Amino acid sequence: MPKYRMVLFDSDGTLANTLPWVSTAFNQLAEKYGFEPLSAADHETLRHLPMQEMMRRVKIPLWRMPALVSGMRKLMAEHVHEFQLFNGVAESLRALSKAGVVLGMVSSNTADNVRGILGPDLAPLFQHFACSASIFGKAPKLRSVLRSSGIPASATIYLGDEVRDAEAAHTAGMAYGAVAWGYHALETLRAQGAAEFFDTPADIGRKLS
C-alpha cells in the first residue's frame, strides 16, 4: 500500500525547473516596480532564509507583493512552454498514479500555467488544482483540497521546495516532504520538521508509490 493516500505538490522549483527564469524575471520586474535587482550571490543568500526575512532583505513592501506576483504570473504565461520538468518527475507522477495515489497541485502559480508546464500527458493525472495562492496563502488552499477530496490530513503529504511550503503543510495538519533541488537549501528545509526528504525527483515515486 502507498504510504499516503494523497500527495500534493508545489509546482515551481519542485516539479518544474523554473527558478533560473524566475531570477531573471524578478530583476525585470524590479526595474518596473522600483525594487533593487538581485545578483547571483544575493539569490544564494536568500536560499537560506525564511520568506519573511527574504522579503526584508530584498526590501519589498508587503503591499507591493500582489503586483509583483501578478506580474510574474503574466510573464510566465508568455513563456510557459519553455519550462521543463526536472528529470524523473514524469516517471514518479506516473508511478504514484498507477499505485492509486490521489494527486493534487497547490501552487502560487496559476492553474493554466501549471497545466501548461505539466503538458497534456501529465496534467490529467492530477485530480485537484488549488492554484493562484498568495505568498502566505497556501494553507487555505491545502485545506480546500482536503475538503473536496474527503481525504484526511493524516493521510496526505505536501511536497515543496520552500520554507513557506513546510509552514503551510504544518498549518493544514499534514506531513511535509522536502525536495533537495529547489529554491531553499536542503539544510534550511531540514529545520522545518519534514516527514520525508527527497534527494532526487525519482525518489518521490520510489518512496511514496
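The values are calculated or read from the model by the stated rules, or taken from the named source; none is laboratory data. Since we're looking at a predicted model, the values are computed, not measured. Cβ atoms come from the backbone with ideal geometry, glycine included; neighbour counts cover every protein chain shown.
Structural remarks
- Residue count, the stretch 95-118 (criterion: free of Cβ contacts under 8 Å to residues at least 40 places away in the same chain and of a type outside the set (S, T, N, Q)): 4
- For the stretch 123-161, the set of residues classified as aliphatic (A, V, I, L, M), more than 15 Å from the chain's Cα centre (by Cα), farther than 26 Å from Thr200 by Cβ and surrounded by fewer than 20 Cβ atoms within 10 Å (Cβ to Cβ) consists of Ile151, Ala153, listed by residue number.
- Pair list, Cβ under 6 Å, 6 or more apart: the stretch 1-27 residue over 15 Å from Leu93 (Cβ atoms), other residue part of a strand (DSSP E or B): Thr18/Asp12
- In the stretch 176-197 there is no residue that is touching a helix residue (DSSP H, G or I) at 6+ places or on another chain (Cβ under 6 Å), at pLDDT 95 or above and closer than 15 Å to Phe136 by Cβ.
- Scope the stretch 125-153; condition in a loop (DSSP other than H, G, I, E, B) and more than 16 Å from Tyr4 (Cβ to Cβ); matching residues: Cys131, Ser132, Ala133, Ser134, Ile135, Phe136, Gly137
- Looking at Leu62, Leu46, just one residue is farther than 19 Å from Lys141 by Cβ, exposed (fewer than 13 other Cβ atoms within 10 Å of the Cβ) and of a type in the set (A, V, I, L, M, F, W, C), and that residue is Leu62.
- Hits in the stretch 157-167 - residues which are in a strand (DSSP E or B) and touching a Ser or Thr at 6+ places or on another chain (Cβ under 8 Å): Leu159, Gly160
- Every residue from the stretch 68-84 that is in contact with a helix residue (DSSP H, G or I) (Cβ under 7 Å, 6 or more places away or on another chain) and surrounded by 13 or more Cβ atoms within 10 Å (Cβ to Cβ): Leu68, Gly71, Met72, Arg73, Leu75, Met76, Ala77, His79, Val80, Phe83
- Residue match in the stretch 46-53 (condition: touching a Phe, Trp or Tyr at 6+ places or on another chain (Cβ under 9 Å), closer than 19 Å to Asp199 by Cα and either assigned by TED's automatic domain parsing to the domain that holds Pro124 or not aliphatic (A, V, I, L, M) (or both)): yes
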